[in-house]
Amino acid sequence: MPRPHVDQDECISCESCVQICPAAFEMNDDGKAQELESATGGEECIQEAMDTCPAECIHWQD
Ligand code: SF4
């Protein structure tokens with residue numbers, strides 16, 4: 001199952017992904033979003049978070 005990955009160089013720290021899908025994303029100490037270790041890729045809200053991200057910086061990875 002593919003997992004989500006946040007490109008933190010592109011993240012503008014809007015926190016939308018964390019609000020939409022707290023099961024898969026969190027804000028780190030740098031104020032950037034990151035995928036949770038436990039994010040399996042199975043949560044439907046991941047795609048919604050990707051589609052909503054204003055920086056389009058969340059992608060699927062293998
Ligand atoms: S929605 Fe995109 S820009 Fe906003 S915090 Fe998440 S990864 Fe960063």
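The values are calculated or read from the model by the stated rules, or taken from the named source; none is laboratory data. Remember, it's a predicted structure, so these values are computed and weren't measured experimentally. Methodologically, a virtual Cβ is constructed for each residue, glycine included, from the backbone with ideal geometry; neighbour enumeration extends over all protein chains shown. Remember, those area values only see protein heavy atoms, side chains included, never the ligands or the DNA or RNA. Shrake-Rupley method; radii C 1.70, N 1.55, O 1.52, S 1.80 Å.
Here are the numbers for this structure:
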quantity: Cα Rg, Dmax (largest Cα-Cα span) when computed across the chain, Å; calculated: 10.0, 28
quantity: Karplus-derived 3J(HN,Hα), 6.51/-1.76/1.60, for each residue of region 43-49, Hz, glycine and proline x; calculated: 6, 5, 5, 4, 4, 4, 5
quantity: Net length gained if the chain between Q47 and E26 were fully extended (0.36 nm per residue, minus Cα distance); calculated: 6.0 nm
quantity: Label-point gap, in nm, between L36 and H59 - each point 7 angstrom along Cα→Cβ; calculated: 2.4 nm
quantity: Mean separation of Cα contacts under 8 Å, 6 or more apart, over the residue count of the chain: relative contact order %; calculated: 47 percent
quantity: Per residue accessible area in Å² of the chain, where ligands, DNA and RNA are left out and the probe is 1.4 Å; calculated: 62 Å²
quantity: Unpartnered cysteines - no second Cys beta carbon under 4.7 Å - across the chain; calculated: C11, C14, C17, C53, C57
